[in-house]
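Take a look at the structure below.
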Amino acid sequence: MNLVLMGAPGAGKGTQGEIISERFELPEISTGSVLREAIKSGSPLGEQVKSLIAQGKLVPDEIINQVVKDRLSQADCAKGFILDGFPRTLAQAQALDAMGVTIDKVLYINVPDQVILERLGGRRVCEKCGETYHIKHQPSSAGELCEKCGGKLIIRADDKPETIRDRLATYHQSTYPVVEYYRGQGKLLEVDGTGNIEAITERTLRVLEDEE
Ligand code: AP5
Ligand code: MG
């Protein structure tokens, strides 16, 4: 199964993607995580995208299309994959089609903007391993440190209130049309993304298992 996860920033793509990845034994490819890793390592790609990401702007299609093309050609993607955060423009969706990649299903986690602000406002991520927490809804059992690796928990560079607003505007303008693109192809599975993490996991697994 080749699956795409869609939803606004903070909808829970990463949170649910990790669970779906374990359940279906498919690699989860988060383009945001790939870019953040590149920034951390100081690679040329990282240098190129660093300030765009901090400002909450999309990186150019040509750059991200190449990143995804390279990643999907790796052996672990041969039996399927979960894409989180790509495609997020119509041009990226068309680039994926042009690569000859068939998307089977698109899981759209639908969350209203007011809920997003609270989710992203309370998000903390591990500086070392990238694990995601929420101060209220998903706290670390190790307090201000990561319960998996002991790293320090920090606020993501693009989680400042004004940047969150810009990311949401970009989402509505450039990314939501991709949801409609896949709806038009009959590939969209829509789940209500409000409620706690467990409730959304249950809804998500139910729609995906119905498809199996
Ligand atoms: P990316 O990393 O993809 O960020 P995003 O799409 O903005 O999404 P997030 O990772 O912020 O949210 P999420 O949906 O994964 O939510 P999460 O599970 O963490 O992209 C970052 C940047 O990279 C972009 O802005 C752009 O610059 C660049 N980029 C990436 N891909 C690109 C592309 N294709 N083209 C161009 N540029 C690209 O959950 C959020 C929080 O809520 C967490 O704290 C979590 O614990 C909590 N939470 C989750 N579910 C619940 C729940 N049900 N109830 C309560 N709290 C919850
Ligand atoms: Mg994410």
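Assorted remarks:
- All positions within the stretch 107-128 that are exposed (fewer than 15 other Cβ atoms within 10 Å of the Cβ) and hydrophobic (A, V, I, L, M, F, W, C): none
- Per-region count, the stretch 195-206, residues within 12 Å of Asn110 (Cβ to Cβ) and either touching a helix residue (DSSP H, G or I) at 6+ places or on another chain (Cβ under 6 Å) or not in a loop (DSSP other than H, G, I, E, B) (or both): 3
- One residue from Leu52, Leu96, Leu83, Leu72 being touching a strand residue (DSSP E or B) at 6+ places or on another chain (Cβ under 8 Å), of a type outside the set (Lys, Arg) and without any contact (Cβ under 8 Å) to a residue 60 or more places away in the chain: Leu72
- For the stretch 12-52, the tally of residues that are near ligand 2 (Cβ under 10 Å from one of its atoms) and under 15 Å from Asp158 (Cα atoms) stands at 4.
- Residues in the stretch 59-92 that are in contact with a Lys or Arg (Cβ under 8 Å, 6 or more places away or on another chain) and surrounded by fewer than 19 Cβ atoms within 10 Å (Cβ to Cβ): 1 in all.
- Evaluation of Gly100 against (1) of a type in the set (Gly, Ala, Ser); (2) away from ligand 2 (no atom under 16 Å from the Cβ); (3) within 23 Å of Ile155 (Cα to Cα); (4) not in a helix (DSSP H, G or I) (one fails), failing number: (3)
- Count - residues of the stretch 160-194 that are away from ligand 1 (no atom under 14 Å from the Cβ), in contact with a helix residue (DSSP H, G or I) (Cβ under 9 Å, 6 or more places away or on another chain) and of a type in the set (Asp, Glu): 1
Computed from the coordinates by the stated procedures, all read-outs in this text should not be read as laboratory data. This one's a predicted model, so the numbers in the text were calculated from it and none came from an experiment. Heads up, the Cβs are rebuilt from the backbone with ideal geometry, glycines too, and the neighbour counts pull from every protein chain shown.
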